[in-house]
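A short reminder: the numbers here are calculations on the coordinates, not readings from a lab. Note that this is a predicted model, so its numbers are computed, not measured. Glycine gets a Cβ as well: all are built from the backbone with ideal geometry, and neighbour counts include every protein chain shown.
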Protein chains: 2
Amino acid sequence: MDNPFVRKMERHVRLGPEDRATLDGLARQHVRHVAARQDIEGQHSNPYHAHLILDGWACRYKQLPDGRRAIVALLLPGDLCDPFAFRRVRIDHAIGALTPVTVARITPDQIGDAIRDRPMVEECLWRELLATTAIHREWIASVGRRSAIERLAHLFCELHLRLSRVGLADGATVPMPVTQPDLADALGQTSVHINRTLKELRTSGLVTLRGRLLTIRDLDGLMERGLFDPTYLQLA
Amino acid sequence: MDNPFVRKMERHVRLGPEDRATLDGLARQHVRHVAARQDIEGQHSNPYHAHLILDGWACRYKQLPDGRRAIVALLLPGDLCDPFAFRRVRIDHAIGALTPVTVARITPDQIGDAIRDRPMVEECLWRELLATTAIHREWIASVGRRSAIERLAHLFCELHLRLSRVGLADGATVPMPVTQPDLADALGQTSVHINRTLKELRTSGLVTLRGRLLTIRDLDGLMERGLFDPTYLQLA
DNA sequence: CGGACAACTTAACACAGGTTGGCGCGCGTT
DNA sequence: AACGCGCGCCAACCTGTGTTAAGTTGTCCG
């Protein structure tokens, strides 16, 4: 009854009770807990099943040979870690838990069966894939052409929207359980500079970040500061 | 007989003559020419058909409200511009020709028919989608965590490999028909700094770039300089 | 052949963001 | 209670890259 993937999808497509039951069933089996800072999938691993995040935050990251880490995606509850798992490809990056994480393991066969029984499931997976790709593009644009403060503002807008869709936003307040070094690796900067930028967003009255909770004081202002155009996420 | 998409796919999957004929047929109809600096699809447009690049280079780009441009992908001969076209989504970016470009327009119906007749076509499309996604991730890591010279070296390695796959590399020499401002927008830098970095790559004997032709003098050295690990493109 | 315009190239200067280092707090461990 | 340690926070300094501007080359077209 509490599947974040279903909550997300219901915003976009009309799900019948059987669709919901099918999607729910996928996420009930093989539930696993992963400690913070632990890998869910290692770099160059060859996953035979997909993971759906039920709780906690994870990230897709690449480690450069000299230790630099680039986080290329943030994975929130309701997100699918390995949308291509059924193709049995060797992945070129790792998936790591940023906080303690609860995931459901889903086998390719289960996905195949679900799609055959309920065509709407395929529709949902396509939407998921599209949204992920759109976010990738937006991140490239961000890291490439936005300034430090624009990047951070943009990310906060994105996360606010994504968390809202799975019912994890309490009004303008959303959980933000990641460390500043994590944010730095996601935005292509240093934790020191993240700290500076955060302070600037705070003193200009746009956000407050305390105790792993982000409160957006002025959403319009934040969106403007981050040149945020929400259409890329909506897919409607 | 000269379809770059087929040339690319044959590296990875075994195509029968009918597969080849089907893929070839897709690219024979509705061939269109687009001038350099012209859009193939505008930002926020709603493409009803996919485009396959037959000749020339294009890019996927986002324009920020104040005019900054971020190139989020380079599209080479054999690349598909709108792999999601059959989903009828409104795209969040534009596709522009960097050089004069020849494209084949493909309708969703044609793709559907082709997949139904020849299952291998679907396999090919999946591979294409996977490769594109892997490149996206690599670009995020590049812009986020690689230095200017590493980024440029990495891009040259990537392009060399991608162009080789469609038979457009003459040994260590590949066409490089884009301007330095274009490279700058793709790598998140300024054309001035691209110029500096290019000079550095030249003086260290790694590449020469003359008359829209890039020659790689020392591929191993270039790969090392760019922290380039080719596995992400192979998908085998 | 010559003019126009875009792209390339270089130099001087400016600044955003990186680096280093230090302090304090909160929390888990013993 | 004491310790360790990762994280938040801040300041001083440094550097890679951006900015501006100007001269040079290349290329297209009349």
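Ordered by residue, what ³J(HN,Hα) values in Hz, to whole numbers, does region B:23-30 give under the Karplus form 6.51 cos²θ - 1.76 cosθ + 1.60, where θ = phi - 60° and Gly and Pro are x?
Values, residue by residue: 4, 5, x, 4, 8, 9, 9, 6 Hz.
Treat each spin label as a single point 7 Å out from the Cα along the C-beta direction, and report the residue B:107 to residue A:199 distance in nm.
6.2
Calculated FRET efficiency, residue B:14 and residue A:116, Cβ-Cβ r, R0 35 Å, to nearest 0.05? It would help to have the intermediate numbers written out before the result.
Working: r = 27 Å, r/R0 = 0.77.
It comes out at approximately 0.85.
With a cut-off of 8 Å between alpha carbons and a minimum separation of six or more residues, what is the relative contact order of region A:4-130 in percent?
Numbers: 252 pairs, mean separation 45.7, N = 127.
Result for region A:4-130 is 36 percent.
Kindly give Rg over Rh for the protein assembly as shown, based on alpha-carbon atoms, with the Kirkwood expression for the hydrodynamic radius.
Here Rg/Rh amounts to 0.95.
Return, for the Cα atoms of region A:67-133, the radius of gyration and Dmax in Å, separated by a comma.
In Å, with Rg to one decimal and Dmax whole: 13.5, 45.
Residue by residue through region A:197-204, what is 3J(HN,Hα) from phi via Karplus (6.51 cos²θ - 1.76 cosθ + 1.60, θ = phi - 60°)? Round to whole Hz and write x for glycine and proline.
Karplus-based 3J(HN,Hα) across region A:197-204 equals 5, 4, 4, 5, 5, 5, 5, 8 Hz.
Debye sum, Cα scatterers, chain A, no solvent: what log₁₀ I/I(0) at q = 0.12, 0.13, 0.16, 0.17 1/Å?
Those come out to -0.67, -0.79, -1.19, -1.33, one per q.
Pairs of Cα atoms under 8 Å, at least six residues apart: use those to get the relative contact order of region B:147-234, whole percent.
Numbers: 99 pairs, mean separation 34.6, N = 88.
Result for region B:147-234 is 39 percent.
Add -39500 (n - 2.57) for each DSSP H run of 4 or more in the protein assembly as shown, then divide by its residues: what number comes out at 222 nm, to the nearest 500 deg cm²/dmol? Walk me through the numbers before you get to the answer.
Numbers: 18 runs with 206 residues, N = 472.
After summing the helix terms and dividing by the residues of the protein assembly as shown, the value is -13500 deg cm²/dmol.
Which far-off residues, 5 or more places away or on another chain, put their amide H under 5 Å from the one on residue B:54, with H placed in the peptide plane?
B:78, B:102, B:103, B:104
Within 15 Å, Cβ to Cβ, of residue A:212, how many net charges do the neighbouring residues add up to if Lys/Arg are +1 and Asp/Glu are -1? Write down the numbers at each step before the final one.
On the way: positive: A:210; negative: A:55, A:170, A:182.
With Lys, Arg at +1 and Asp, Glu at -1, the net is -2.
Enter the mean number of other protein chain beta carbons within 10 Å of the beta carbon of each residue in A:90-97, as an integer.
Working: counts 5, 4, 10, 5, 0, 0, 0, 0.
For this peptide, the per-residue mean of nearby foreign Cβ atoms is 3.
How charged is the neighbourhood of residue B:54? Take every other residue with its Cβ under 13 Å from the Cβ of residue B:54, and add Lys/Arg as +1 and Asp/Glu as -1. Show your work: numbers first, answer last.
On the way: positive: B:7, B:8, B:28, B:32, B:105; negative: B:2, B:24, B:55, B:79.
Once all neighbours under 13 Å are counted, the net charge is +1.
Where does the longest stretch of chain B lie that holds no trypsin sites (Lys or Arg not before Pro) found in a DSSP loop with 16 or fewer other Cβ atoms within 10 Å?
Answer - B:91-211.
So what's Rg/Rh here for region A:4-130, counting alpha carbon atoms and using the Kirkwood radius for Rh?
Details: Rg = 14.6 Å, Rh = 15.0 Å.
We get a ratio of 0.98 for region A:4-130.
Shortest first, in nm, what separates the label point of residue B:100 from those of the same position in the other copies (7 Å along Cα→Cβ)?
Between copies, matching label points for residue B:100 lie 6.5 nm apart.
Using a label point 7 angstrom from Cα along Cα-to-C-beta, what distances in nm, from shortest up, separate residue B:29 from the other copies?
Output for residue B:29: 4.2 nm, nearest copy listed first.
Let me confirm one metric for peptide B:61-70, namely the mean number of other chain beta-carbon atoms within 10 Å of its residues' beta-carbons. All intermediate terms of the calculation are to be shown ahead of the outcome.
Details: counts 2, 9, 2, 7, 3, 2, 0, 5, 3, 9.
That average works out to 4.
Given springs between every Cα pair under 10 Å in a Gaussian network model of chain B, which of B:34, B:192, B:166 has the largest fluctuation?
B:192
Please list, in order along region A:89-100, the HN-Hα scalar couplings obtained from phi with the Karplus expression 6.51 cos²θ - 1.76 cosθ + 1.60 (θ = phi - 60°), rounded to whole Hz, x for Gly and Pro.
Here the 3J(HN,Hα) series is 8, 7, 7, 10, 7, 10, 10, x, 7, 8, 10, x Hz.
Hey, got the dipole for region B:4-130? About the Cα centre, +1 on K and R Cβ, -1 on D and E Cβ, debye to the nearest 20? Could you put the intermediate results ahead of the total?
Details: 19 positive and 17 negative charges, 62 e Å.
Approximately 300 debye in magnitude.
Once you place label points 7 Å from the Cα toward the Cβ at residue B:234 and residue A:224, how far apart are they in nm?
For the pair residue B:234/residue A:224, the computed spacing is 5.2 nm.
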